[in-house]
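The values are calculated or read from the model by the stated rules, or taken from the named source; none is laboratory data. Note that the structure is predicted; figures quoted are calculated from it, not measured. Note: ideal-geometry Cβ built from the backbone for every residue, glycine included; neighbour counts use all protein chains shown.
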Amino acid sequence: MNSNNSAVFGRVVRPDHAWLSSAALEPAIEPDLPIVDSHLHFWDQPYSGKYFVEDFAKDAAASGHNIEATVYVECDSMYRASGPDHLKCVGETEFAVGMAAIGASQKYTSTRVAAAIVGYADLTAGDLARETLEAHFKAGNGRFRGVRQRAKWDADPAVRGAICADRPQLYLTPEFQRGLALATSMGLVFEASIYHPQIPDVTALARAQPDANIVVIHSGSPVGHSSYADNEEGNRVQWLANMQELAHCPNVSVKLGGLLMHLANFDFTAADAPPSSAELAELWRPYIEPCIELFGAGRCMVESNFPVDKAGFNYGTVWNMFKRITAGSSPDEKKSIFSGTAKRIYRI
């Protein structure tokens with residue numbers, strides 16, 4: 001039994017390594033297919049433990065899959081301890097560059113770790129936003145590719161979580177839209193972080209700024225816990241309708257995966273063992289397949305969301321799951337979904 005029985009969905013949970021080791025070993029499906037993991041974090045937090053290059057390298061090696069490169073996504077990690085508040089977040093880009101340098105030594109892995117970096121900036125901050133983005137570029141050693149600012153908000157505090165926007169509809173405010181226009185003018189990707197009822201905000205944003213290159217993370221983050229519990233089909237209908245409308249925006253792409261902590265349709269706190277890739281595919285197929293059908297392979301990319309989703313399954317499981325779901329796709333479609341889209345979007 002997983003000892004994380006006090007875990008709350010929508011939060012970051014320290015993985016239970018003994019429980020994870022109880023999973024049945026699975027050989028990698030299509031082990032030579034190149035993969036770009038489009039959403040990976042490194043951190044050392046008291047609530048989640050440490051996950052650095054060497055930890056990722058162990059997961060990647062054990063998986064048996066061909067992880068060609070990763071995209072580092074900001075996670076409030078290793079901010080500067082001093083200096084102007086709006087520049088403290090640049091410490092995370094400096095940290096990610098350090099992780100990339102360790103990876104490039106190939107002491108631990110041949111994967112191009114943090115081949116692209118997505119940092120944080122407060123795009124509502126006017127001139128300070130420009131200064132922050134310029135500092136990220138300077139610190140990024142040619143790897144800084146995008147910015148993420150969360151707009152996640154819900155009336156239910158248990159859904160909203162600790163890391164969220166301070167108001168609803170952040171993306172629709174004039175000050176944010178000015179900041180996004182700035183980021184776009186600097187050639188940056190914008191990663192939209194919302195819950196599924198907020199997908200229409202991203203649709204409105206994409207229509208208002210057709211030149212913006214927007215990536216929606218975590219399959220649009222369908223929610224199934226707390227006040228959304230016991231209504232999975234109703235939630236899915238709302239999520240699907242919202243995603244159908246969003247897919248009409250040609251400047252929007254989507255990251256497939258990242259469903260563990262918000263969808264909550266696998267209760268890792270009560271399960272005796274982690275799910276197999278076949279079990280995970282059955283749970284996540286109703287969300288992954290529609291994204292591919294709506295957006296097309298050229299606007300879809302896979303993500304592990306590790307180490308967040310490591311609370312529920314092993315690294316190899318997530319890739320076998322994706323390969324099961326895409327078994328009927330053509331070789332060109334698989335190439336786009338598993339690596340090509342991410343390489344194009346993040347210029348890897």
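Given the options Ala100, Ala96, Ala116, name the one that is in contact with a Phe, Trp or Tyr (Cβ under 9 Å, 6 or more places away or on another chain), part of a strand (DSSP E or B) and buried (at least 16 other Cβ atoms within 10 Å of the Cβ). Give the steps one after another, and end with the answer.
Values: Ala100 fails: part of a strand (DSSP E or B); Ala96 fails: part of a strand (DSSP E or B).
Step by step, each of Ala100, Ala96, Ala116 is checked, and only Ala116 is in contact with a Phe, Trp or Tyr (Cβ under 9 Å, 6 or more places away or on another chain), part of a strand (DSSP E or B) and buried (at least 16 other Cβ atoms within 10 Å of the Cβ).
Evaluate the following for Trp239: is it more than 30 Å from Ser21 (Cα to Cα), buried (at least 21 other Cβ atoms within 10 Å of the Cβ) and modelled with pLDDT of 95 or more?
On the way: more than 30 Å from Ser21 (Cα to Cα): yes; buried (at least 21 other Cβ atoms within 10 Å of the Cβ): yes; modelled with pLDDT of 95 or more: yes.
So Trp239 fits the description; yes.
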Q: With respect to Ala69, determine if the residue is touching a residue at least 60 places away in the same chain (Cβ under 8 Å) and either of a type in the set (Lys, Arg) or closer than 22 Å to Ile345 by Cα (or both).
A: yes
Q. Just checking, which of Ala297, Ala271, Ala281 is more than 16 Å from the chain's Cα centre (by Cα) and closer than 16 Å to Val216 by Cα?
A. Ala297
Q. Are any of the residues in the range 77-86 within 15 Å of Leu133 (Cα to Cα), at pLDDT 95 or above and among the small types (Gly, Ala, Ser)?
A. no
Q: Being among the acidic types (Asp, Glu), in a helix (DSSP H, G or I) and either under 17 Å from the mean Cα position of the chain (by Cα) or within 30 Å of Val53 (Cβ to Cβ) (or both) narrows it down to one of Asp309, Asp332, so name that one.
A: Asp309
Q: Collect the residues in the range 6-54 that are out of contact with any Pro (no Cβ under 8 Å at 6 or more places or on another chain), among the small types (Gly, Ala, Ser) and within 14 Å of Asn320 (Cβ to Cβ), keeping them in residue-number order.
A: Ala24, Ala28
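Out of the residues in the range 160-184 meeting the condition of being of a type in the set (Val, Ile, Thr) and surrounded by fewer than 17 Cβ atoms within 10 Å (Cβ to Cβ), tell me which one is modelled with the lowest pLDDT. Steps first, answer last, please.
Pass one, the range 160-184, residues of a type in the set (Val, Ile, Thr): 163, 173, 184.
Next cut, surrounded by fewer than 17 Cβ atoms within 10 Å (Cβ to Cβ) only: 163, 173.
Numbers: Ile163: 79, Thr173: 98.
My answer is Ile163.
Suppose we filter the range 185-202 for residues that are assigned to a helix (DSSP H, G or I) and surrounded by fewer than 22 Cβ atoms within 10 Å (Cβ to Cβ); how many remain? First the steps, then the outcome.
The initial filter retains those residues of the range 185-202 that are assigned to a helix (DSSP H, G or I), namely 185, 196-202.
Add one more test, that the residue is surrounded by fewer than 22 Cβ atoms within 10 Å (Cβ to Cβ), and what stays is 185, 197, 200-201.
Counting residues in the range 185-202 that are assigned to a helix (DSSP H, G or I) and surrounded by fewer than 22 Cβ atoms within 10 Å (Cβ to Cβ) gives 4.
Taking Leu283, is it free of Cβ contacts under 8 Å to residues at least 60 places away in the same chain, in contact with a Pro (Cβ under 8 Å, 6 or more places away or on another chain) and within 26 Å of Ala57 (Cβ to Cβ)?
Values: free of Cβ contacts under 8 Å to residues at least 60 places away in the same chain: yes; in contact with a Pro (Cβ under 8 Å, 6 or more places away or on another chain): yes; within 26 Å of Ala57 (Cβ to Cβ): no.
No; evaluated as a whole, the condition is false for this residue.
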Q | Residue check for Gly316: more than 29 Å from Ala206 (Cβ to Cβ), touching a Leu at 6+ places or on another chain (Cβ under 6 Å) and either of a type in the set (Ser, Thr, Tyr) or modelled with pLDDT of 95 or more (or both) | A | no
Q) Taking the range 290-348 as the search range and keeping residues that are touching a Cys at 6+ places or on another chain (Cβ under 7 Å) and hydrophobic (A, V, I, L, M, F, W, C), which one is nearest to Ala264 (Cα to Cα)? A) Cys291
Q: Have a look at Gly316, Gly298 and point out the one that is under 17 Å from Ser63 (Cα atoms) and either assigned to a helix (DSSP H, G or I) or polar (S, T, N, Q) (or both).
A: Gly316
